[in-house]
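Asker: For reference, the structure I am asking about is given below.
The values are calculated or read from the model by the stated rules, or taken from the named source; none is laboratory data. No experiment lies behind these values; they were computed from the predicted model shown. Counting neighbours? That spans all protein chains shown, and the Cβs are built from the backbone with ideal geometry, glycine included.
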Amino acid sequence: MSSKPAPQLRRPVLGELKHHRPVSAGFVYQSCHGRLTIPGVCTDSVFTANDLADEGEIGRGAFGFVNRMLHIPTGSVMAVKRMRSTLNESEQTKTLKDLDVVMHSSNCPFIVRFYGALFEEGDCWICMEMMATSLDKFYKFVYRYLLSRIPEGILAKIAVATIAALDYLKVELKVIHRDVKPSNILIDRKGNIKLCDFGISGELVDSIAKSHDVGCKPYMAPERIHPNLSVNGYDIRSDVWSFGITMVELATGEFPYPAWNSVFEQLTCVLNGDPPCLPERLSSFSRLHLSESTTTVSEVDTKLESGGLDGSSESDFSSEFRDFVSQCLQKDVRSRPKYHTLMMAPTWTQIS
């Protein structure tokens, strides 16, 4: 496969990238084209498309495709996002914004890592750390096929990693994620948890973000779905709400709200109804919501009797963990904690 020669310009190293935000396709070409850095394996190594063996597609989107690829010289596996040259302006902006964040987050162990980039036949190949799966796929497998649940200790580790990543974005990059949900949190085979997908993240000006038309609506905080509640903008506490919804979903195996048929129905439910919370007895809660396509009530009973599902008092969540999640789901944004407050909660200190 042919590749374009890189221009003869001095290229900044990752530590200097903060002086060049935001990134553009031209900047990526000048600073990263044909250079690969894999922690503990290689640093600033020259590579081409011929050094990569395609092991198959693992995802796709409006931007293009994601393939699992092997870097032959080092034996390292990576995820390669192939951004098409024909990408429309909106999707290109999202992809570059995502790249902007990961290129500047090499010091955060809880954000998916950027390895390098190539420009191949006009397309941009973005080489990233390979993770095993997203948490939405993970929890559905655990609940629907294993007929089990995610233990509180693991949920707490997910919470610590996610909040640490969000806090890094705020403190170091002055960025708010705006799309926190299970599909944007990844896990690898060693159990490491990492935040990803920063395509609709926004820059904070005096800790405030303005635009309301971005993000996944089911996870949006009350102040974001009702603009009158945030006429002067919103802050990181809107991501805290999305994080709280995510934790309830992971803990129970169900999105905590019923399906909405309209934005008005969502608005009414979120603004007028009680906020979601963790149930005291997960075993009975899960019994009602296990997928009918994968199990029956009698099969659940058998699993409970044999220990396949937690049916004892151990299935209860601790009061500390329930309180931790409840704080995140305060409808009044003024009562909802920011990251530094969550980092002082008992759940945080016990795990970290």
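Asker: Considering the range 247-277 alone, what residues qualify as being modelled with pLDDT of 90 or more and not in a helix (DSSP H, G or I)? Full working, then the answer.
Answerer: Filtering the range 247-277 down to residues modelled with pLDDT of 90 or more leaves 247-256, 274-277.
Across the range 247-277, the qualifying residues are Gly253, Glu254, Phe255, Pro256, Asp274, Pro275, Pro276, Cys277.
Asker: Can I ask one more? If only one of Met128, Met83, Met69 is more than 22 Å from Ser201 (Cβ to Cβ) and either surrounded by fewer than 21 Cβ atoms within 10 Å (Cβ to Cβ) or not basic (Lys, Arg) (or both), which one is it? It would help to see each step written out before you state the result.
Answerer: Numbers: Met128 fails: more than 22 Å from Ser201 (Cβ to Cβ); Met83 fails: more than 22 Å from Ser201 (Cβ to Cβ).
That would be Met69, the only listed residue that is more than 22 Å from Ser201 (Cβ to Cβ) and either surrounded by fewer than 21 Cβ atoms within 10 Å (Cβ to Cβ) or not basic (Lys, Arg) (or both).
Asker: Considering only residues that are under 19 Å from Cys269 (Cβ atoms), at pLDDT 95 or above and not hydrophobic (A, V, I, L, M, F, W, C), which ones fall in the range 323-346?
Answerer: The answer is Ser326, Gln330, Arg336.
Asker: Taking only the range 55-76 into account, find how many residues are within 27 Å of Gly40 (Cα to Cα) and not in a strand (DSSP E or B).
Answerer: 4
Asker: Residue under question is Thr93, and the condition is that it be among the polar types (S, T, N, Q) and under 19 Å from Phe198 (Cβ atoms); does it hold?
Answerer: Numbers: among the polar types (S, T, N, Q): yes; under 19 Å from Phe198 (Cβ atoms): yes.
Criteria met by Thr93.
Asker: Related question: Among (1) modelled with pLDDT of 90 or more; (2) of a type outside the set (Asp, Glu); (3) buried (at least 20 other Cβ atoms within 10 Å of the Cβ); (4) not in a helix (DSSP H, G or I), which single condition is Lys190 missing?
Answerer: (3)
Asker: Here's a follow-up. Among the numbered criteria (1) touching a residue at least 24 places away in the same chain (Cβ under 8 Å); (2) in a strand (DSSP E or B), which one does Gln92 miss?
Answerer: (2)
Asker: Turning to a different aspect of this structure: Taking only the range 278-291 into account, find how many residues are assigned to a helix (DSSP H, G or I) and either aliphatic (A, V, I, L, M) or at pLDDT 80 or above (or both). Steps first, please.
Answerer: Here is the first cut: in the range 278-291, the ones assigned to a helix (DSSP H, G or I) are 282-289.
Add one more test, that the residue is either aliphatic (A, V, I, L, M) or at pLDDT 80 or above (or both), and what stays is 282, 288.
So the count comes out to 2.
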